[in-house]
1. Tell me the relative contact order for the stretch 124-217 as a rounded percent, counting alpha carbon contacts under 8 Å between residues six or more apart.
2. Length gain on complete extension for the stretch residue 126 to residue 143, per 0.36 nm per residue less the alpha carbon to alpha carbon distance?
3. Starting at the first residue of the stretch 230-247, write each ³J(HN,Hα) from the Karplus equation 6.51 cos²θ - 1.76 cosθ + 1.60 with θ = phi - 60°, in whole Hz, x for Gly and Pro.
4. Can you tell me how much longer the chain between residue 187 and residue 256 gets when fully stretched, taken as 0.36 nm per residue apart minus their C-alpha distance, in nm with one decimal?
5. Does a label point 7 Å from the Cα of residue 236, set along Cα-to-beta-carbon, have any residues of the stretch 114-145 with amide nitrogen under 14 Å, and which are they?
6. What is the fewest-to-most order of 154, 56 by other Cβ atoms lying within 10 Å of their Cβ?
7. Taking other Cβ within 10 Å of each residue's Cβ, how do 212, 1, 27 sort, fewest first?
8. Which parts of the stretch 130-173 would a label at residue 85 reach, counting a residue when its backbone N lies under 19 Å from a point 7 Å out along Cα-to-Cβ?
Amino acid sequence: MTIFQAVALAVVEGLTEFLPISSTGHMILTSSALGTNKDEFTKLFEVCIQLGAILSVVILYRNRFLKAGRPFYGKLLAAVCPALVLGFLLAKKIDQWLESPTTVGVTMLLGGVLLLFVDQWFTKPVRQSGDQVTYQEAIKIGFWQVLAMIPGTSRSGATIIGGMQQRLTRKAAAEFSFFLAVPTMCAATGYKLLKALKSQPELVTNPDNFKMLLLGNAVAFVVALLAIKSFIGFLQNHGFRMFGVYRILAGMIVLAMVYTGHLA
């Protein structure tokens, strides 16, 4: 992997991780375009640089994390359980999905159609904070997150919709989604790293690879920091429709490229 490829992937990760457009889908497409999609280190890199994006959430909401009580962390733990359990059971199947641009194209297209109507479905939110969510409701949001195991679905989009279903405002649902990403993605990254250290330790211990991981995380952190700030304001003022239009167009382009043999 070159420095350019590492930076390009990290920028895409930082931009898309917290937007409802699917970071995994965009990473698959970007790595395919860069010609790195068959490389084992790239697969590890794409997961590990999520830590940089996650750090941006911790820094931006540091006061919330520092001052939060047990219920806050208990609800995050409850919400992350469905993804942890099903992610472990379906690990091999998920790896197969991750290698399929067709899956990305279809789910981006269908998800885009869904986002066109989300703002019309949830018009009377009554909760201004994720703290008002019960443990049962947190688990329900966690099951929405499970949908994101299919590449192209968008973890952020699924959990924000799940939060709005529990009558959270757009802002509160988005923030709960950000908070839920911390344990979810830390667990996914930790599992991937441990698996790599056990089977292919050179992927991590190689000095050049380690430098690329540091660079990727630093770039993803900065870009995600900017993306989160912009996203909250945009979502409050404009809703999901523009993201839906973007996903539909992107999905159509991906499927056209697969059909014509330009993407495999």
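1. Numbers: 76 pairs, mean separation 22.8, N = 94.
Computed value for the stretch 124-217: 24 percent relative contact order.
2. So the extension gain works out to 4.0 nm.
3. Couplings: 6, 5, 4, x, 5, 5, 5, 8, 10, x, 9, 4, 4, 5, x, 4, 4, 5 Hz.
4. Extending this stretch completely gives an extra 21.4 nm.
5. Residues 128-129 qualify, since their backbone N sits under 14 Å from the label point.
6. Ranking 154, 56 by Cβ neighbours within 10 Å, fewest first, gives 56, 154.
7. Details: 212 24, 1 17, 27 27.
Neighbour counts put them in this order, fewest first: 1, 212, 27.
8. Within reach of a label on residue 85, which here means backbone N under 19 Å from a point 7 Å along Cα→Cβ, the stretch 130-173 contributes 134-150, 159.
The numbers here are math on the coordinates, done by the rules we state, and not lab data. Fair warning: this is a prediction, and the values are worked out from it, not measured in the lab. Because the Cβ atoms are built from the backbone with ideal geometry, glycine has one as well, and the counts that use them run over all protein chains shown.
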